[in-house]
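Okay, structure first, notes after.
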């Protein structure tokens, strides 16, 4: 696991499976993850996506999928779960979805990863 800010130092070209994870910021993956993907994802890799959100909506993967497809990626799947959120008005009430992700959420992400490495 590497943070997006440090990831430019890591060569992932030899990896069989690349997982990109982020909280959702303004309806998409964090800008640092998107920038890293645009600049560093190798062509034709298998990829999976993991993310947390405060409020469930469609379209959170659109930007990262567009980058992956432009790199010829084979998208293996995605896993999402609620995550603690203090954005905007949620801060006034101490945040929402406290205690998430939890152990069950992590187990779901691990299950996706195990499934992807078998394929």
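Every number in this text was worked out from the coordinates using simple rules, so none of it is lab data. Predicted model only: the values in this text are computed from it and were never measured. Quick reminder, even Gly has a Cβ in these numbers, built from the backbone with ideal geometry, and neighbours come from all protein chains shown.
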Specify the residue that is farthest from residue 15 (Cα to Cα); the eligible residues are those in region 42-58 that are touching a strand residue (DSSP E or B) at 6+ places or on another chain (Cβ under 7 Å) and in a loop (DSSP other than H, G, I, E, B).
-> 54
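For region 90-105, give me each residue that is more than 20 Å from residue 19 (Cβ to Cβ) and either outside any helix (DSSP H, G or I) or in contact with a helix residue (DSSP H, G or I) (Cβ under 8 Å, 6 or more places away or on another chain) (or both). I'd like the intermediate steps shown before the answer.
Applying the first criterion (more than 20 Å from residue 19 (Cβ to Cβ)) to region 90-105 yields 90-99.
Of everything in region 90-105, those that are more than 20 Å from residue 19 (Cβ to Cβ) and either outside any helix (DSSP H, G or I) or in contact with a helix residue (DSSP H, G or I) (Cβ under 8 Å, 6 or more places away or on another chain) (or both) turn out to be 94, 95, 96, 97, 98, 99.
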Is there a residue in region 35-48 that is in contact with a helix residue (DSSP H, G or I) (Cβ under 6 Å, 6 or more places away or on another chain) and in contact (Cβ under 8 Å) with a residue 60 or more places away in the chain?
-> yes
Within region 6-20, track down each residue that is surrounded by 11 or more Cβ atoms within 10 Å (Cβ to Cβ), within 24 Å of residue 84 (Cβ to Cβ) and free of Cβ contacts under 8 Å to residues at least 40 places away in the same chain.
-> 7
Is it the case that region 59-82 has a residue that's more than 24 Å from residue 16 (Cβ to Cβ), free of Cβ contacts under 8 Å to residues at least 24 places away in the same chain and either in contact with a strand residue (DSSP E or B) (Cβ under 6 Å, 6 or more places away or on another chain) or not in a helix (DSSP H, G or I) (or both)?
-> no
Could you grab me the full set of residues in region 106-119 that are surrounded by 11 or more Cβ atoms within 10 Å (Cβ to Cβ) and either touching a helix residue (DSSP H, G or I) at 6+ places or on another chain (Cβ under 9 Å) or touching a residue at least 40 places away in the same chain (Cβ under 8 Å) (or both)?
-> 109, 112, 113, 116, 117
